[in-house]
Every structure is written in structure tokens, then in C-alpha cells.
Amino acid sequence: MIASAISPTAAAVVALVIFFIVLVARGQPDRREPPHLTPRVPLVGHALGILCYGVPYYAKIAHQTSAPIFTLDLLVNRLYVVNSARMVAAVQKSHKIIAFDPFLTAAANRMAGINGPGLRLLQETQAGGRGVNQEVLHAMIPTMLGSGLDQMNRTMLRKLGPLLDDMIKDAPKTLDLHQWCQRTITTASSEAIWGSKNPFRSEKVREDFWYFESHLSILLAKIFPSVLARKAYLARETVVKAMLEFAKSGGYDDEACSELAIARRNTQVKAGASDHDIARLETALNIGVLSNTVPSTFWTLFDIYSRPQLLQQVRSEIEENAVVVDPMTNVHSIDLGAIRGSCPIFVSAFQESLRVHSNGAPTRMVYEDVVLDGSYLLKAGSVLQMSAPSINSEQRHWGKQAADYDPVHFQKDAADVPANKPRATSFMSFGASPNICPGRHFAAAEILSVVAMLLMRVDMIPVKGYWWTPRLNAWAIAASMTPPIEEYPVKIGPRKEVQGIEWDFVVSGKKDRFELITG
């Protein structure tokens, strides 16, 4: 009724006024800024593109310019998109001006639900906060190396063994590969972090966590989340309650609790954080631990099993260099330490899966006007993102077939690797310095352990009879490795060559880290 009372002329005038207000609010482009790319749909085109396609949208429109960085107008703000490794290095040099900290604060607020004094405690010092988010990150780093990493790896491997045995039991059978990866990684990873009082032992907590994780975009919008995103909101609160109960029951005092979990909690307690806010921040930690490890495991299995020649090469390499046979019991053990140091084909194939399937975009806030690389003006208050799909496939560093999966890309001594080897800034799958993923070595150990054991013990083929590329879940915004949105049923059966043999894991050597390329 009201709409019919407004004349077309009046509606047009209102639209023009709104258009004018938006133009004034966002300001006019500065010729010194990175090139502004024009959307197909005026004003809202880029925003719609990002909503529909996610980070891959940047690669879709990058052809409009040859510049290593470009600008997208998003109504009332500007987004700078880096699509060249050369410009990544320039961003890193200005890391105090182009910083990650504001997004930690936003995640604590919108993802974890921390507000008021608790949020100000975490907030970056540049915005008037205490900067405890950064203190927590700094406390994490040493716990993900040395004895802390070793403890987590051993706990994870002890948990993985029975899970893999259970998968193979009663084979041949059919299962959803992605769902199996999700269940297995969730169980083993959470046990390694939280110990014997692990809240994720509850099926309800596991289910609600993954519902919360897969509906983050609704919560991040923060538009009456308890009403408009009620199911996701309640799912998050289930996990928060479980983390709070974990603390109250003495979970952090348990000898099996990881150094990582203890260091994070102690840092927050020392700063004056409440138990409730600590439970919320640790709920967000679980997102960081699980969201990428699960799809990374899926894609590594997909890429190796779908290539028969590579599958045979990796199996032979593991058998020759990383399988230890007990002469008394004939138990075959996969040695994680040997995989680190003696399986270059396997480790390279894993990193290539990360390169090809990564859809991440390390994000920064521009605190003050700065000229990047002596060429491009970035304005204060703008957001900058580094597009992993574009940078990870830059032909200058990865060759003319950069878009294709090539398992030798990360082999240091391979004869067919180009002389112009990939450098750190051309690989964004672990983020970009100085904000590299602190859990990358633990994640790599878990993924390679799972994949190695399956490769040695199981034959696998999709029920369709061929390896097809599944549709992707573009809404899984917490995952820089995009997971499938549909089931991926596969038939598994024991390999005849090793049928009836008992398997286990061991960890030899002192080296606890993988030689991984990072941004």
C-alpha cells in the first residue's frame, strides 16, 4: 500500500539522493592509490561479487589491471587487494602501519561473543586497548615448538591409531571421505590440546561446534545474532559452556593438557580476563585448530589417490624410508620423524595441495596513510587483503602451468624444478609474516600421519568410479582451504600387500618441525 503511493519520479529522486550521499561518504578516488576496478553493477557490484564467490572473486577480476595491487570500492570503504608476491614483501615491511591486530579484536567480538571490559582487554593498544590478544599469540609460539609440540604430536598419534584401525575394520565399505576426515581430525586434535578432560569427547559438543563453524558468516554480521542466527548462536554457546566446564573441572591442571592451552589461559588470567571470556576465546581457538586441518587432509588424500603414478611414488617412498618393522612382532610403524626428513615427494605433494586449494586472504588494517613500494598510496582506515588464489598461482614464480597441481613444486633437489624457485612471499597458505599460522607444524604432522597410514593400508576409489571435483562450500569463511559442500562417498578396502599386518606410529629424531615454505 505504502509503496504504491510513492510515484516513480519520487522514487528516482530518493535513489539519486542516496547515491549522492554514498559518493560523498566514501570520498573520491585518489590517483595515487592502486587502480580502482570498475564493477559490472554500480556501487554494489564488488560487494555482491565477494558475497557470491568469496576470495576467488579477486582472481576473477584481476585481469582488469596489470598492477600488483588494486582497489575495490565497497560503498563506504575501500578494499586494497594484493595479487602479487612482490607487493606482499612491501606489505610486510610496513607491518606496524598495515596490521592484523584489529581483526583479532573483531573475531573475539563477533566470532566468540566477547564484549565490554573483556573486549577492551584484548583490543590492540593502537585503539586504546590492553593488547592481550597479541600477548596470547606471543605466548602460543614457544608451545608449538620443542617439547610442547612433541607432547601434542604424541598424544595426537596415540589417538589416531585406534581411529584408523576402526575405519579399516570391516572393510571393504563405503564412507563419506570429508565427514570421516572431520570426525577423525576433530577427535585427535582436540585430545592433543585439551587432554583427558577434552570437552570434544561429547558428541553434542562436536556436532554443535561444526554447525557453529559452518554458519560463522551469519554471526559475523552481528545483526541480532541470538534472534536471526539463533541456531548458530546456540551452537556456539554449547561450546562456550563446555569450555567453561572444562576449566571448572580442573582441565587445565590435568597432566595431559597441552602447554599451548595452559599458556593461553595463564596469559589471560594474568591480564585479568574472566573465566567466561576465557572460555569464549578458547572456543575461537578451536576454530583456528580445526577449520583448515580437516579440508587440508581431504584435499591431500584427493590429490594423491586421484593420481595413480604419484600414489605409487609416495607409497614406495614411505615404505622405503618411513616404515619400521619390529622383527619380533612384525608390527609395522610409520615414523613421523622419517617422513619429515626422508620423504620429500610426500611432503612436497602435501604442500602443493595447500597451494592449489587455498582460498585464504590474509587481512590487514591500514592505520595511517602510507606509500607502498614507493608507488601506491594506501589510505588510513582501509582494509587490505592478500589473495592466496592469485599469489599462489602467479606464473612468475610457479611457471606457465601454475594453475595445475604439480607435486614436484616444493622439492628442493628435483631436477625439473625451475631455477627460479618459489619464494616465501609467493605462498600464502600459512598466512603472511609476521602473522604466520603458529600451529602449522602440528597441523602438518597430523595431516601427513593420517594420509601416510591410509596410503599404506587402504585402497580407495569414489563410488562414481572416478575422482570428481566436488562443489565447494564458499560460505565456510573460517577455512582458507575450502571444504566440499556435498558428500564425497568412497569405497575403501585393505591393500592385499599388507592385509593382516598390525600398524602403529612412532616418532624418531630430535627434529620436531617440517621444512615448510611460509609467506
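The values are calculated or read from the model by the stated rules, or taken from the named source; none is laboratory data. Quick caveat, the model's predicted, so the values are computed rather than measured. Every residue, glycine as well, gets a Cβ built from its backbone with ideal geometry; the counts of neighbours run over all protein chains shown.
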Among residues of the range 213-249 being modelled with pLDDT of 95 or more and touching a Lys or Arg at 6+ places or on another chain (Cβ under 7 Å), the residue nearest to Glu486 (Cα to Cα) is Thr238
Result of the Cβ filter at 7 Å on the range 215-236, keeping first residues that are more than 20 Å from Asp277 (Cα to Cα) and partners that are surrounded by 18 or more Cβ atoms within 10 Å (Cβ to Cβ) and of a type in the set (Gly, Ala, Ser), at least 6 apart or interchain, is His215/Ala229; His215/Ala232; Ile218/Ala229; Ile218/Ala232
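I need the helices (runs of 4 or more DSSP H) fully contained in the range 292-389, keeping only those with at least 2 residues that are in contact with a helix residue (DSSP H, G or I) (Cβ under 8 Å, 6 or more places away or on another chain), among the aromatic types (Phe, Trp, Tyr) and closer than 30 Å to Val458 by Cα. Give the derivation first.
On the way: elements: 293-305, 308-321, 336-342, 344-357.
Output list reads 293-305, 344-357.
Considering every residue within the range 322-329, establish whether at least one is under 23 Å from Val356 (Cβ atoms) and either buried (at least 16 other Cβ atoms within 10 Å of the Cβ) or modelled with pLDDT of 95 or more (or both).
no
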Across the range 67-108, the tally of residues that are in a strand (DSSP E or B) and touching a residue at least 60 places away in the same chain (Cβ under 8 Å) stands at 9
- State whether one or more residues within the range 229-240 are under 24 Å from Leu163 (Cα atoms) and outside the structural domain of Ala107 (by TED's automatic domain parsing). yes
Of the residues in the range 258-285, those that are over 18 Å from Ala188 (Cα atoms) and either of a type in the set (S, T, N, Q) or not in a helix (DSSP H, G or I) (or both) come to Asn266, Thr267, Gln268, Gly272, Ala273, Ser274
Reported set for the range 83-142 where residues are among the acidic types (Asp, Glu) and in contact with a Leu (Cβ under 8 Å, 6 or more places away or on another chain) is Glu124
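Mind listing whichever residues of the range 390-410 are outside any loop (DSSP other than H, G, I, E, B), closer than 18 Å to Asn359 by Cβ and more than 21 Å from the chain's Cα centre (by Cα)?
The initial filter retains those residues of the range 390-410 that are outside any loop (DSSP other than H, G, I, E, B), namely 390-391, 395-398.
Adding the requirement that they be closer than 18 Å to Asn359 by Cβ leaves 390-391, 398.
Result: Trp398, single match.
For every residue, the table says whether it meets (1) more than 30 Å from Ile501 (Cβ to Cβ); (2) of a type outside the set (D, E, K, R); (3) in contact with a Pro (Cβ under 8 Å, 6 or more places away or on another chain); (4) not assigned by TED's automatic domain parsing to the domain that holds Pro225.
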position: Ala108; (1), (2), (3), (4): yes, yes, no, yes
position: Gly118; (1), (2), (3), (4): yes, yes, no, yes
position: Leu137; (1), (2), (3), (4): yes, yes, yes, no
position: Arg154; (1), (2), (3), (4): no, no, no, no
position: Lys159; (1), (2), (3), (4): no, no, no, no
position: Pro162; (1), (2), (3), (4): no, yes, no, no
Of the residues in the range 255-275 that are surrounded by fewer than 17 Cβ atoms within 10 Å (Cβ to Cβ) and within 16 Å of Arg154 (Cα to Cα), the one that is nearest to the chain's Cα centre (by Cα) is Ala256
Given the conditions (1) touching a strand residue (DSSP E or B) at 6+ places or on another chain (Cβ under 7 Å); (2) surrounded by 21 or more Cβ atoms within 10 Å (Cβ to Cβ); (3) in a loop (DSSP other than H, G, I, E, B), every one holds for Gly113 apart from (1)
